[in-house]
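Only one structure is covered here, and it is reproduced in the block below.
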Number of protein chains: 2
Amino acid sequence: MKTIRSPRQMQSLALAWRRAGKTVGLVPTMGALHEGHLSLVRRARAENEIVVVSIFVNPAQFGPKEDYLRYPRPFAKDKRLCERAGVNVVFSPSPSAMYAEGHDTWVTVEKLSRPLCGAFRPGHFRGVATVVAKLFNLVQPARAYFGMKDFQQMCIIERMAEDLHMPVKIVRCPILRDPGGLALSSRNAYLAPQERQAARNISLALRAAEEVIKSHARVPSAKVTAAAWSILRKIPGMRLDYLSVADPATLEPLALVRGRALVAAALWIGNTRLIDNRLVRN
Amino acid sequence: MKTIRSPRQMQSLALAWRRAGKTVGLVPTMGALHEGHLSLVRRARAENEIVVVSIFVNPAQFGPKEDYLRYPRPFAKDKRLCERAGVNVVFSPSPSAMYAEGHDTWVTVEKLSRPLCGAFRPGHFRGVATVVAKLFNLVQPARAYFGMKDFQQMCIIERMAEDLHMPVKIVRCPILRDPGGLALSSRNAYLAPQERQAARNISLALRAAEEVIKSHARVPSAKVTAAAWSILRKIPGMRLDYLSVADPATLEPLALVRGRALVAAALWIGNTRLIDNRLVRN
């Protein structure tokens with residue numbers, strides 16, 4: 001396994017792979033890898049000749065008061081995990097190499113960036129779309145793997161790739177959960193044991209919402225969120241950003257659910273912001 | 001020579017060329033080709049194995065009151081000119097194929113889009129950057145050719161390509177002029193004979209500005225623009241958008257010129273908006 005820090009070197013290698021007709025699978029990450037990431041890596045490993053994992057804590061997707069500086073960076077451990085999973089290249093550029101002096105270009109996916117997390121994290125998805133556009137140009141993947149836990153991010157990347165005619169297939173990968181149901185996230189490392197215990201109520205709440213949807217042919221969203229809220233509200237000291245029943249294509253709120261919906265929540269436990277969702281199909 | 005309308009077909013061919021190790025030169029145009037375009041095509045022909053000319057009147061770069069509908073579209077003639085110049089593929093997609101239902105992604109180069117034409121054509125450069133990003137993904141060029149008449153556009157594309165790490169070299173091509181000095185432009189076709197005659201004063205004015213710069217080691221911009229204005233003002237019925245002495249890298253106005261500057265003008269003669277510039281090096 002190779003570790004590459006230079007964007008130019010990454011791109012030369014990617015263009016050589018392309019000329020050699022090799023298909024590349026990219027798993028873009030911010031590091032602090034967990035089993036969720038590794039499930040993406042395994043899928044990429046199965047579907048491509050070359051697997052690249054990018055590890056880059058992207059400053060442009062953090063707000064000024066967010067956790068950019070304290071975001072975990074266990075680079076040596078991440079590399080070991082990648083090596084064991086059969087990754088060919090870990091691409092880990094510096095912020096100044098990815099955002100050179102005078103950087104002035106931004107990719108925005110406008111409507112999809114407004115609801116859900118977009119309303120609470122201004123500029124976040126612009127930072128995400130921009131860095132992923134860079135990574136696609138540097139790594140030239142045939143397929144790129146995104147976890148459904150970051151459902152809005154995944155939708156935005158799908159839209160960007162389609163709108164800009166990028167020659168890459170975006171592969172949706174299911175959420176992985178710990179035995180208590182908590183969706184795997186690098187930010188779970190911030191949680192104290194009691195907070196972690198309490199955070200399990202998030203997936204319980206989303207499952208309760210799903211039950212309401214599945215047991216009605218049509219149901220007002222308010223009934224769905226009420227079921228989830230009755231569980232979420234028990235989390236001590238929890239602060240809710242949103243609890244939304246949304247159209248899975250537009251991410252806009254649904255007033256009435258007819259079987260197919262995204263139930264999504266974002267909330268704070270202590271200083272940790274957690275998100276989770278369930279895509280309900282009937 | 002092949003004419004391709006489908007973006008998907010264009011991309012398949014481009015990816016096949018890439019696998020075959022062929023270098024592609026792209027000349028993006030809105031059609032209504034003149035000698036200026038053809039000079040770009042000839043340069044592309046000399047430097048690449050494959051030459052693609054895109055012909056696409058991009059709706060996203062026209063304002064609601066601009067000339068999108070009346071923009072000239074002499075497609076049969078354009079194709080003949082391309083064929084004669086040794087072009088391999090004319091790529092001419094439909095607006096609905098380039099901007100599919102639900103299109104929501106925009107590329108912006110923020111600071112460079114503000115001065116000069118940016119102040120008069122809101123959204124114009126966002127439309128330009130977005131369509132060029134699409135074209136680069138569809139055609140996969142190693143080199144793309146831009147005329148210096150659209151100096152701000154060229155700078156924005158250069159910035160975008162660098163910032164997003166696009167694997168393409170942007171090639172700057174000099175302005176071509178008619179025997180009277182008028183910079184070649186598809187919009188010159190809008191001019192009545194007397195207007196065309198009057199329009200020659202634009203290049204005379206810019207040359208006068210250049211003379212002032214070249215004859216002083218340092219000179220206030222106001223003296224430079226005064227020399228140009230004394231000529232421009234003679235054009236009957238002319239309306240000025242701007243006459244600017246700018247830093248050729250940032251495009252921001254210079255107060256004092258020390259030998260290196262962009263002198264740029266945009267103005268209306270009748271219903272025709274014309275732009276021209278001179279890049280002055282000392």
Query - Positions within the stretch B:5-29 being in contact with a Ser or Thr (Cβ under 8 Å, 6 or more places away or on another chain) and surrounded by 20 or more Cβ atoms within 10 Å (Cβ to Cβ), in sequence order - result: B:Leu26, B:Val27, B:Pro28, B:Thr29
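I'd like to verify a number: residues in the stretch A:39-59 that are surrounded by fewer than 19 Cβ atoms within 10 Å (Cβ to Cβ) and not in a loop (DSSP other than H, G, I, E, B), how many? Break it down into steps so the answer makes sense when it comes.
Taking the stretch A:39-59 first, the residues surrounded by fewer than 19 Cβ atoms within 10 Å (Cβ to Cβ) are A:42-43, A:45-47, A:49, A:59.
Checking the rest, the ones that are also not in a loop (DSSP other than H, G, I, E, B) come to A:42-43, A:45-47, A:59.
The qualifying residues number 6.
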Query raised in the report: Of these, A:Ser96, A:Ser113, which one is under 23 Å from A:Ser12 (Cα atoms) and at pLDDT 95 or above?
Result: A:Ser96
Query raised in the report: So which residues in the stretch A:242-282 are more than 19 Å from the chain's Cα centre (by Cα) and surrounded by fewer than 21 Cβ atoms within 10 Å (Cβ to Cβ), if there are any at all?
Result: A:Pro253, A:Leu254, A:Ala255, A:Leu256, A:Arg258, A:Gly259, A:Arg260, A:Gly270, A:Asn271, A:Arg281, A:Asn282
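What number of residues within the stretch A:10-27 satisfy the criterion of being touching a strand residue (DSSP E or B) at 6+ places or on another chain (Cβ under 9 Å), within 14 Å of another protein chain (Cβ to nearest Cβ) and not aromatic (Phe, Trp, Tyr)?
First, the residues of the stretch A:10-27 that are touching a strand residue (DSSP E or B) at 6+ places or on another chain (Cβ under 9 Å): A:10, A:13-14, A:17-18, A:22-27.
Retained after the next criterion (residues that are within 14 Å of another protein chain (Cβ to nearest Cβ)): A:10, A:13-14, A:17-18, A:22-24, A:26.
This time we only want the ones that are not aromatic (Phe, Trp, Tyr), so: A:10, A:13-14, A:18, A:22-24, A:26.
Matching residues across the stretch A:10-27 total 8.
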Report task. Please work out which one of (1) at pLDDT 95 or above; (2) in contact with a strand residue (DSSP E or B) (Cβ under 8 Å, 6 or more places away or on another chain) is the condition A:Gly237 fails and give its number. Result -> (1)
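Working carefully through the options A:Leu243, A:Leu204, find the one that is of a type outside the set (Asp, Glu) and not in a helix (DSSP H, G or I). Full working, then the answer.
On the way: A:Leu204 fails: not in a helix (DSSP H, G or I).
Going through A:Leu243, A:Leu204 in turn, the sole match is A:Leu243.
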Query raised in the report: Does the stretch B:68-81 include one or more residues that are surrounded by 15 or more Cβ atoms within 10 Å (Cβ to Cβ), of a type in the set (Asp, Glu) and part of a loop (DSSP other than H, G, I, E, B)?
Result: no
Query - Positions within the stretch A:152-167 being facing another protein chain (nearest Cβ under 7 Å), in contact with a helix residue (DSSP H, G or I) (Cβ under 6 Å, 6 or more places away or on another chain), farther than 15 Å from A:Leu135 by Cβ and assigned to a helix (DSSP H, G or I), in sequence order - result: A:Arg159
Requested in this report: Considering only the stretch A:139-151, state which residues are in contact with a helix residue (DSSP H, G or I) (Cβ under 7 Å, 6 or more places away or on another chain) and within 13 Å of another protein chain (Cβ to nearest Cβ).
Outcome: A:Val139, A:Gln140
Report summary line: Restricted to the stretch B:28-55 and to residues being touching a residue at least 40 places away in the same chain (Cβ under 8 Å) and among the acidic types (Asp, Glu), the residue farthest from the other protein chains (Cβ to nearest Cβ) is B:Glu35
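Within the stretch A:86-138, take every residue that is among the hydroxyl-bearing types (Ser, Thr, Tyr) and in a strand (DSSP E or B) and give me the one that is farthest from the other protein chains (Cβ to nearest Cβ). Talk me through it step by step, then tell me what you get.
Quick first cut of the stretch A:86-138, residues among the hydroxyl-bearing types (Ser, Thr, Tyr) only: A:92, A:94, A:96, A:99, A:105, A:108, A:113, A:130.
Subset that is in a strand (DSSP E or B): A:105, A:108.
Values: A:Thr105: 4, A:Thr108: 5 Å.
Restricting to residues being among the hydroxyl-bearing types (Ser, Thr, Tyr) and in a strand (DSSP E or B), the top hit is A:Thr108.
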Report summary line: Within the stretch B:91-126, the count of residues that are of a type outside the set (A, V, I, L, M, F, W, C) and in contact with a Lys or Arg (Cβ under 8 Å, 6 or more places away or on another chain) comes to 8
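State whether one or more residues within the stretch B:4-11 are under 16 Å from B:Phe146 (Cα atoms) and either outside any helix (DSSP H, G or I) or touching a Phe, Trp or Tyr at 6+ places or on another chain (Cβ under 9 Å) (or both).
First, pick out the residues of the stretch B:4-11 that are under 16 Å from B:Phe146 (Cα atoms): none.
No, every residue in the stretch B:4-11 fails to be under 16 Å from B:Phe146 (Cα atoms) and either outside any helix (DSSP H, G or I) or touching a Phe, Trp or Tyr at 6+ places or on another chain (Cβ under 9 Å) (or both).
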Query - Every residue from the stretch A:82-98 that is buried (at least 19 other Cβ atoms within 10 Å of the Cβ), more than 21 Å from the chain's Cα centre (by Cα) and farther than 24 Å from A:Arg43 by Cβ - result: none
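The values are calculated or read from the model by the stated rules, or taken from the named source; none is laboratory data. If you're wondering where the values come from, they're calculated on a predicted model, not measured in any experiment. Reconstructed Cβ throughout: ideal geometry from the backbone, glycine too, with neighbour counts over all protein chains shown.
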